[in-house]
Amino acid sequence: MDFSVVVEYFPRLLSGAWVSLQLVVLSVVLGAIFALPIALARISPVGWIRAIPFAYIFFFRGTPLLVQIFLVYYGASQFDAVRESALWPILREPFWCAIIAFTLNTSAYTAEIFRGAIQAIPPGEVEACKVVGMTKAKMYRRILLPRAFGIVLPAYGNEIILMLKGSALASTITILDITGMARTIIARTYTPMEIFLAAGVIYLLISMVIIAIFRQIELRQNRYLGTLSIKVADKG
């Protein structure tokens, strides 16, 4: 094995890592924004309101991410209305097609994580909010969502790591992320073992950083969960 090629092309792998981080960060942030209202709709007492997010989540959790990427990247261009619309400058770019596909996918998974966290809150805390006269909006803002945030952290950290690994599929639509850059380098150097090993190490290091960040956030957030409800209720 010749690791001198890794040293030579390592800056290019780092540039691919930057692209991967952009894909993950943008899709995770947008996915979380969309996931919260989807999760709230999933626990609505109205049946037809629950049905819409259920169908959305069922589709995006039940189909492969690769298929979703192809549907956005190759499927949208088949419609004349799309090519003639104001969205075409975005939908013709592989980077933004990947962002759209990743956002739709992770929002479905994140919505289920949020839903489970909200429903895991003890009923007694909800009753306490009602006793002190909190409105539903105030109850969610001051009690339920902060509590759910603490509960959701471990599973949400895992979802981000899965999204990082899933971002490797962006290379199938010509994006030079870590995997895409590695494949390009291998086509020139014919050293798949060395380059893919280096790419795997980069993915591993990024995952370790994500785990460490979420571990610190979880320790900081959950440190106050025992007294959060009492303090907020006292402030009324």
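The values are calculated or read from the model by the stated rules, or taken from the named source; none is laboratory data. What you see is a predicted model, and the numbers here were worked out from it, not measured in a lab. Positions of Cβ are generated from backbone atoms using ideal geometry, with glycine treated the same way; all protein chains shown enter the neighbour counts. The protein model used for the area step is the full one, side chains on, heavy atoms only, and it has no ligands, DNA or RNA in it. Shrake-Rupley method; radii C 1.70, N 1.55, O 1.52, S 1.80 Å.
With helices as the sole contributors, the chain gives -25500 deg cm²/dmol at 222 nm; each DSSP H run of n ≥ 4 counts as -39500 (n - 2.57), and the sum is divided by every residue. Positive contributions from Lys and Arg (+1) and negative ones from Asp and Glu (-1), summed over other residues with Cβ under 14 Å from the Cβ of PHE10, come out at -2.
Within the chain, what whole-number % of the accessible surface is contributed by carbon and sulfur, with the 1.4 Å probe and all protein chains included in the calculation? Don't jump to the answer; show the numbers that get you there.
Working: 9060 of 13050 Å².
Solvent-exposed carbon and sulfur of the chain make up 69 percent of the total.
Converting the Cα gyration tensor eigenvalues of the chain into ellipsoid dimensions via √(5λ) gives semi-axes, longest first, of 40, 24, 12 Å.
Enter the mean projected area of the convex hull around the alpha-carbon atoms of the range 1-71, in nm², rounded to one decimal.
Values: hull surface 28.9 nm².
Over every viewing direction, the Cα hull of the range 1-71 projects on average to 7.2 nm².
Computed from phi, the 3J(HN,Hα) profile of the range 106-114 under the Karplus parametrisation 6.51, -1.76, 1.60 (θ = phi - 60°) reads 6, 5, 5, 5, 5, 4, 5, 5, 4 Hz, with x in place of Gly and Pro. Excluding ligands, DNA and RNA, the accessible surface per residue across the chain is 55 Å² with a 1.4 Å probe. Subtracting the Cα-Cα distance of TRP96 and VAL67 from 0.36 nm times their residue separation leaves 8.8 nm of extension gain. Sorting ARG188, ARG61 by accessible area puts them as ARG188, ARG61; the probe is 1.4 Å, largest comes first, and only protein heavy atoms count.
FRET efficiency for PHE58 and PHE3, Cβ-Cβ distance as r, R0 = 35 Å, nearest 0.05?
Details: r = 46 Å, r/R0 = 1.32.
Here the calculated transfer efficiency is 0.15.
Label-to-label distance for TYR190 and VAL131 is 7.7 nm, based on points extended 7 Å past Cα in the beta-carbon direction.
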